[in-house]
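Single-structure report; data block below.
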Amino acid sequence: MNAWARFNVWFESRALWSHASFLYAVVLLIVVTTYLATWPIQMLDTDLWYHLNSGRYILTHHQLPQESYFSFLEPRPWIDYFWLFQVVVYQVYTWAGYLGLVALRALLFAAIGVTLLALLFTVSDRAQLRHTPWMAFVFVCAITVLLPRAFNLRPHLFTYLCITLMLYILECRPHQAWWLPGLAVLWVNFQGIAYPMLWLISGSYLLQALYRGWRRQAPRWWSRKVGSAALACFPAVLLTPHGARLLPLPFTPTTLGSEYIAEMRPMDLFEVLSAHIVALAPSSMVFFSLLAGAIGLAAVLLLTRRREQFAPLLLCLGGWYLLSKGGRFVNEFFLLSLPLLRAHPLSFLPGVMRRVPKPVYFGLVVGLMLMPLRYVMETFRHRPAFPFSSVGLPVGTATMLQAYGQSSRVLNEPNIGGYLQWMLYPKHRIYIDMEAIVLFSDEDLFAAGSVFSDPQVLGWALARYRPDFLLVPLQVEGFPDRIKHWPAYELVWCDDGGALYADRQRHPTWQPLAAYDPFRLAKEGVEAVLKDPEVKAAAWLEEAERLIRPGMSYGMGRHVAAALRLAQGDAPRVLEYAQALIHDFPYLRTGYELRGDAFRALGQLEAASAAYELALSDHVGQATTSLLQHFAMVLSAQGKYAQAYQRLRTATPLYGGETSAEDLYRMAVTAFLAGKPDEARRLFRYLYRYRMPLDDSAWARRVRQRLEALGLGFDPLPDPGNTDR
């Protein structure tokens, strides 16, 4: 047998593809878990913090909360159906802070992944090894679809783990079914509202056990153990502190909830069927579309083969029903469909693919293996500050209110309510958070959603609740003019999470911000606002630096202060602000650009060049014209004229009508020094024919002298006083 024949035998062997598929799945799980273990707790929503607050309440008061204890609204009755999760996360936080929460999240995801591996790759005989590539495909799609919701440390992670554990026991370890009732009790105490899924799984396998026992299609021990364990799971829902009160919660109408909670909106069929792939990096929806298609084909196989398998079909139908209720049930849908995918692998697909030429087949396999890894790399591309990122959270505002001696009422919008109650309770009471449907009503959320944008709702809330403070999102347009109808409220503080207004008749010790306008900064950007000649730099700098406190992350304020200090020539202070911005926002280019500007002002050209290089590397934010021009100046001063010219060409839109005479002059000189005399001659022509000021003879002399110095001959310069060019 020659070498090519031996390669073909090796390439076609089932053992090779089985081992390689399993190894790839394990490697992907390790990579994703490692990334999660180094990714901070951040604001995707603020649910984690209201869970922490309730866990603190439970362990402090030794009882479950019965009402909205943190809100100044009339008490809303509450069934805290995830109390055990709250106790666990708060206890972990007290032991290890945010680092402990990061570790808990990674551990939960790893446990889900390991259970999925066990569920999909456990085989009863060697003949099933031929399905290993199919199971690896299902596993890869499952992990990538799970990942977006794994960033949030919330009770749904325990639900995913309980689903996979129950399915693993029922499918692969039925002789250990006696674990199921205990697992069910834990599940309903971690997230009690999910008990219909517990009943769906238990009921499906109970019917399967009864039917197989009746038809004698399974050993008697299997039907007896599985059936009795599944039956024992049903009363688990009563083994919570709430008893039967938990039963109606999952069936609370949520029609209006989909209008203010994005994850409760129904899935868009076009979105499911769409595919978005850039540079071999697909979106998570691509993997979900593949999974949904595979589930549909597996269901067709089940029906056409007429196998009497109630459980996989019932679970799949239950998952489809959940998916119709909102996009938040994407993961529950495919997890419940795993038994169907396991029982009916699409084994014909590898055979179809192997009919193509081997080089093409091998290229397709390599490309498909690279896509999940590229997706993971893109997902974790820009890491915020670790282990806790304060981006979007009112950390500074909450810290100032904590230090304030008086208790108060804080009128807030719902999205940041979870963090506020965690930081401010029990001294301060807030308005509302996003614990919708089971705690706050649709009417509560309707009023809270328009309280700052609608003057009528704002007036109603101020008259009814008389809040001491208003914490207003910076994206609310026109609020500074709107609040003038209630002159007692003045802007006294702000951070990246919002602007704080105080009723200064009741709280006169808070000093107002007279010049600094955070709403305008949020809308127009720091650079655009500071270019306004009407901006009083001294007043803005004084108030911006008043908002900057140790331990408080306020990116916009530091950016303003750094820009104004740079204009004053205070480079050492700019370096301090830049370093703080890099620490708090390592994925943004702003801090690196400011650091480069500071080093340039100090004459440290190598350090400035390195900082600018970082600013232009893989960071979020637009590469501004000033950044490229400043970098070019540094490169020119270092004698790197070719690189400097390239940066200037990138920064300067020649044919957009926006290029100034100074920009063209700098480009022309740099082009000549870079060894491009023809480019320099062309740019000088553009300059004195189309950009040189008509009434400025000094410009004409400057250009003429530069042309003579560079040895560039050209037409005589026009008379600046003559408008006929």
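Just so you know, all these numbers are worked out from the coordinates, no wet-lab data involved. In this text the structure is predicted, and so the values were computed from the model without any measurement. Neighbour counts are summed over all protein chains in view; Cβ atoms, including those assigned to glycine, are modelled from backbone coordinates with ideal geometry.
Miscellaneous remarks
- Using a simple spin-label model with pseudo-atoms 7 Å out from Cα toward Cβ, Tyr690 and Met369 lie 5.4 nm apart.
- Its Cα centre serving as origin, region 395-512 has a Cβ charge dipole (Lys and Arg +1, Asp and Glu -1) of approximately 560 debye.
- Which of Lys225, Lys484 has the fewest Cβ neighbours within 10 Å, and the rest in rising order: Lys484, Lys225
- The order of Ser697, Ser68, going from fewest to most other C-beta atoms within 10 Å of their C-beta, is Ser697, Ser68.
- The dipole here belongs to the chain: it is taken about the Cα centre, uses +1 on the Cβ of Lys and Arg and -1 on the Cβ of Asp and Glu, and is about 3040 debye.
- For the chain, share of DSSP beta bridges that run antiparallel, in % to the nearest 5: 55
- Potential extension, Ala514-Ala637 segment - 0.36 nm per residue separation minus Cα distance: 40.1 nm
- Once the C-beta distance of Arg546 and His382 is scaled by a Förster radius of 25 Å, the resulting FRET efficiency is 0.25 to the nearest 0.05.
- Under Karplus coefficients 6.51, -1.76 and 1.60, residue-wise ³J(HN,Hα) of region 704-710 in Hz, glycine/proline x: 4, 4, 5, 4, 5, 5, 8
- Most positive-pole-ward Cα, Ala111, Gly213, Leu64, against dipole of the chain from beta carbon charges: Gly213
- Ranked Glu435, Glu332, criterion: other C-beta atoms within 10 Å, fewest first: Glu332, Glu435
- Given their separation in residues at 0.36 nm each and the Cα-Cα distance between them, Phe234 and Arg76 gain 53.9 nm when the chain is fully extended.
- Gln406/Tyr321 FRET efficiency (R0 45 Å; Cβ-Cβ; nearest 0.05): 0.30
- Estimated distance in nm for a label pair at Glu534 and Ala96, the labels positioned 7 Å out from Cα along Cα-to-Cβ: 5.5
- Cross-link partners for Lys640 among the lysines, with Cα-Cα distance under 20 Å and sequence neighbours closer than 8 places in the same chain left out: Lys676.
- For region 621-634, putting each phi into the Karplus relation 6.51 cos²θ - 1.76 cosθ + 1.60 with θ = phi - 60° gives couplings of x, 6, 6, 6, 4, 4, 4, 5, 5, 5, 5, 4, 4, 5 Hz, in residue order, rounded to whole numbers and with x for Gly and Pro.
- For region 77-88, putting each phi into the Karplus relation 6.51 cos²θ - 1.76 cosθ + 1.60 with θ = phi - 60° gives couplings of x, 9, 10, 7, 7, 10, 4, 5, 4, 5, 5, 5 Hz, in residue order, rounded to whole numbers and with x for Gly and Pro.
- When the square roots of the Cα gyration tensor eigenvalues are ordered a ≥ b ≥ c, the ratio a/c for region 58-203 is 1.5 or more and a/b exceeds b/c, which makes its shape prolate.
- For region 566-600 and region 663-689, distance of Cα centres in Å: 32
- Residue among Ala680, Leu605, Gln705 farthest towards the positive dipole end of region 600-713, charges placed on Cβ: Gln705
- A Förster radius of 51 Å, combined with the Cβ-Cβ distance separating Leu210 from Ala20, puts the computed FRET efficiency at roughly 0.80.
- For the chain, the gyration tensor built on C-alpha atoms gives an oblate shape. Its axis ratio a/c (a ≥ b ≥ c) is at least 1.5, and a/b is not larger than b/c.
- DSSP assigns beta bridges within region 395-512; of those with both partners inside it, close to 60 percent run antiparallel.
- If you take all other residues with their beta carbon under 12 Å from the beta carbon of His51, and give Lys and Arg +1 and Asp and Glu -1, the sum is -3.
- Between the listed residues Val438, Pro426, Pro414, the Cα displaced farthest toward the positive end of the dipole of region 395-512, a dipole computed from Cβ unit charges relative to the Cα centre, is found at Pro426.
- Stretch gain in nm, segment Glu527-Ala610, where the contour uses 0.36 nm per residue and the Cα spacing is subtracted: 27.6 nm
- Approximating the spin labels as points 7 Å out from Cα along Cα→Cβ, the Ala488-to-Arg305 distance works out to 7.3 nm.
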